[in-house]
Amino acid sequence: MDYSVKKLVKNESLEKKIKNICSFNKSRCEIKQGRIIDIDNVNVSFIEPHRIIIRGKNYKLLIIYYDDKNIFLYDRSMPLSIKQLESLLKELNS
């Protein structure tokens, strides 16, 4: 079975906002590039979302996103906005 891997398009402005929120809340963030995996000769593709791992003193959060309108905490069942993320980090650091 052959497959091809392409990079998922990143949203630089969203990542910059998240980095700024993390720096104001004394947290570190690590960004991992998302991918699109196409299986050759079959009509199947897999999308691996971008992952942002946010670490603080006593916590570790996983944010996944496909674009700036679809941001989730841990998995796709918990949608999140930038304001909610900022409030969450402030609450965790207090």
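The values are calculated or read from the model by the stated rules, or taken from the named source; none is laboratory data. Not measured: the values here are computed from a predicted model. Cβ: placed from backbone, ideal geometry, glycine included. Neighbour counts: every protein chain shown. Quick note on the areas: whole protein, heavy atoms, side chains included, nothing else; ligands and nucleic acids left out. Shrake-Rupley method; radii C 1.70, N 1.55, O 1.52, S 1.80 Å.
Quick notes on this structure:
- Checking each residue in region 25-46 for being out of contact with any helix residue (DSSP H, G or I) (no Cβ under 8 Å at 6 or more places or on another chain) and not charged (D, E, K, R) picks out Gln33, Gly34, Ile36, Ile37, Ile39, Asn41, Val42, Asn43, Val44, Ser45, Phe46.
- Within region 3-35, the set of residues being part of a strand (DSSP E or B) and in contact (Cβ under 8 Å) with a residue 24 or more places away in the chain comprises Tyr3, Ser4, Val5, Lys6, Lys7, Arg28, Cys29, Glu30, Arg35.
- Subset of region 83-94 (residues that are open to solvent by less than 90 Å² (accessible area, probe 1.4 Å) and in contact (Cβ under 8 Å) with a residue 12 or more places away in the chain): Leu85, Glu86, Leu88, Leu89, Leu92, Asn93
Let's see how each residue does on (1) on the phi < 0 side of the Ramachandran plot; (2) of a type outside the set (A, V, I, L, M, F, W, C); (3) open to solvent by less than 100 Å² (accessible area, probe 1.4 Å); (4) modelled with pLDDT of 90 or more:
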| residue | (1), (2), (3), (4) |
| --- | --- |
| Val5 | yes, no, yes, yes |
| Lys16 | yes, yes, no, yes |
| Cys22 | yes, no, yes, yes |
| Arg28 | yes, yes, no, yes |
| Lys32 | yes, yes, yes, yes |
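- Number of residues in region 36-82 that are among the charged types (D, E, K, R), within 16 Å of the chain's Cα centre (by Cα) and either exposed (fewer than 12 other Cβ atoms within 10 Å of the Cβ) or not in a strand (DSSP E or B) (or both): the value is 5.
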